[in-house]
């Protein structure tokens with residue numbers, strides 16, 4: 001089930017994209033129609049560009065709809081990468097459209113007889129386009145920043161690039177009307193080049209996300225310092241970050257005191273997780289691995305026997321001690337390539353301390369024959 005914030009993010013994203021669809025539909029019709037009857041190659045090219053925006057808006061809507069779906073059995077990490085894949089495709093579409101516009105305008109420059117002077121109405125349409133696209137940019141970027149949506153941010157900058165390209169169209173039309181007929185075609189070439197650059201940039205950034213490129217060094221260092229300042233964290237290593245649908249995922253190994261309990265280690269990890277998610281707006285999830293010591297480069301404990309084998313060995317050693325009883329509790333600490341042991345034994349109230357110390361000494365001597373065993377602590381639990 002989606003959280004309230006994610007539902008609001010989806011609704012706001014859809015609203016912004018539908019507004020873009022409505023504005024682009026009206027603009028595309030006006031630009032192409034007035035460009036044809038007003039003899040402006042640049043305005044027609046801008047109209048075709050705007051028309052392509054409708055297809056990308058549809059793609060954005062699809063990505064927002066499917067990317068906001070909950071995780072399922074086939075997609076345990078959610079569907080956020082749909083947004084990323086759609087952004088790659090969006091960038092490629094823009095690149096192809098830009099190349100088409102630039103090549104078409106360049107071909108017309110080779111045929112001077114086809115260059116006509118645009119009508120003044122095309123100038124008005126160019127101004128209307130600039131204002132409309134800038135308005136769409138401001139509206140969309142506000143929502144993108146609020147909900148940290150990369151695909152909306154990409155679409156917003158797409159609107160801003162449209163506004164800038166329409167300024168080039170405006171200059172081209174104005175230059176042609178003032179007696180420089182090549183200006184309109186040159187403006188179309190400049191527009192196509194800008195679209196190509198924007199498309200390649202969008203695709204490249206999305207591809208970096210698909211191959212799990214880390215957050216910026218500044219962001220990673222900020223997360224590192226925030227974690228190390230949290231109570232209970234001794235050190236950290238293997239801090240890894242990646243993006244999924246514009247949201248950051250963090251993996252980290254935390255080094256804590258090796259003698260604390262499992263539950264305390266878990267408590268520290270949950271504290272780290274919640275604090276990092278709360279402090280960093282872009283972070284969506286933190287996966288914490290607890291380490292009792294730094295095992296990044298030297299995994300000295302990897303070949304030590306596990307609990308079932310060790311408890312069997314310990315109990316066999318204890319059984320060799322005359323007068324001993326099985327341990328009530330066995331705690332194993334895997335540290336420094338050896339296993340430290342805490343043993344708790346039952347003891348009657350009438351047992352003397354001297355007898356307990358003697359028994360404990362014999363148990364320690366028996367256990368120390370095992371090369372895997374390091375420090376041994378023995379406790380007696382008095383029975384009432």
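The values are calculated or read from the model by the stated rules, or taken from the named source; none is laboratory data. Every value quoted in this text rests on a predicted model; they were computed, and no experiment measured them. Here Cβ is always computed from backbone atoms with ideal geometry, including for glycine, and neighbour counts include all displayed protein chains.
Of all the listed residues (123, 116, 136), the sole one being modelled with pLDDT of 75 or more, more than 30 Å from residue 12 (Cα to Cα) and in the same structural domain as residue 205 (by TED's automatic domain parsing) is 123.
Is it fair to say residue 286 is buried (at least 18 other Cβ atoms within 10 Å of the Cβ), farther than 30 Å from residue 342 by Cα and under 23 Å from the mean Cα position of the chain (by Cα)? So residue 286 passes the test.
This table checks each residue for (1) surrounded by 16 or more Cβ atoms within 10 Å (Cβ to Cβ); (2) modelled with pLDDT under 75.
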{"residue": "163", "(1), (2)": "yes, no"}
{"residue": "171", "(1), (2)": "yes, no"}
{"residue": "174", "(1), (2)": "yes, no"}
{"residue": "189", "(1), (2)": "yes, no"}
{"residue": "197", "(1), (2)": "no, no"}
{"residue": "209", "(1), (2)": "yes, yes"}
{"residue": "213", "(1), (2)": "no, yes"}
{"residue": "217", "(1), (2)": "no, no"}
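Among the residues examined, residue 221 does not qualify as more than 29 Å from residue 206 (Cβ to Cβ), part of a helix (DSSP H, G or I) and either in contact (Cβ under 8 Å) with a residue 12 or more places away in the chain or not assigned by TED's automatic domain parsing to the domain that holds residue 331 (or both).
May I ask you to verify whether residue 80 is outside the structural domain of residue 287 (by TED's automatic domain parsing) and at pLDDT 75 or above? Spelling it out, it is not the case that residue 80 is outside the structural domain of residue 287 (by TED's automatic domain parsing) and at pLDDT 75 or above.
Where residues in the stretch 365-384 are modelled with pLDDT under 90, surrounded by fewer than 18 Cβ atoms within 10 Å (Cβ to Cβ) and closer than 16 Å to residue 329 by Cα, which of them is nearest to the chain's Cα centre (by Cα)? Among those that are modelled with pLDDT under 90, surrounded by fewer than 18 Cβ atoms within 10 Å (Cβ to Cβ) and closer than 16 Å to residue 329 by Cα, it is 379. For the stretch 176-185, filtered to residues that are part of a helix (DSSP H, G or I) and touching a residue at least 24 places away in the same chain (Cβ under 8 Å), the residue that is surrounded by the most Cβ atoms within 10 Å (Cβ to Cβ) is 184. Do we have any residue at all in the stretch 265-278 that's over 30 Å from residue 85 (Cβ atoms), surrounded by 15 or more Cβ atoms within 10 Å (Cβ to Cβ) and in contact with a helix residue (DSSP H, G or I) (Cβ under 9 Å, 6 or more places away or on another chain)? Checking the stretch 265-278: at least one residue is over 30 Å from residue 85 (Cβ atoms), surrounded by 15 or more Cβ atoms within 10 Å (Cβ to Cβ) and in contact with a helix residue (DSSP H, G or I) (Cβ under 9 Å, 6 or more places away or on another chain).
Which of the residues spanning the stretch 251-274 are touching a residue at least 40 places away in the same chain (Cβ under 8 Å), touching a strand residue (DSSP E or B) at 6+ places or on another chain (Cβ under 9 Å) and closer than 19 Å to residue 225 by Cα?
Listed by number, the residues that qualify are 253, 272.
Residue 344 meets each of the listed conditions (1) out of contact with any helix residue (DSSP H, G or I) (no Cβ under 8 Å at 6 or more places or on another chain); (2) touching a residue at least 40 places away in the same chain (Cβ under 8 Å); (3) not in a helix (DSSP H, G or I) apart from (2).
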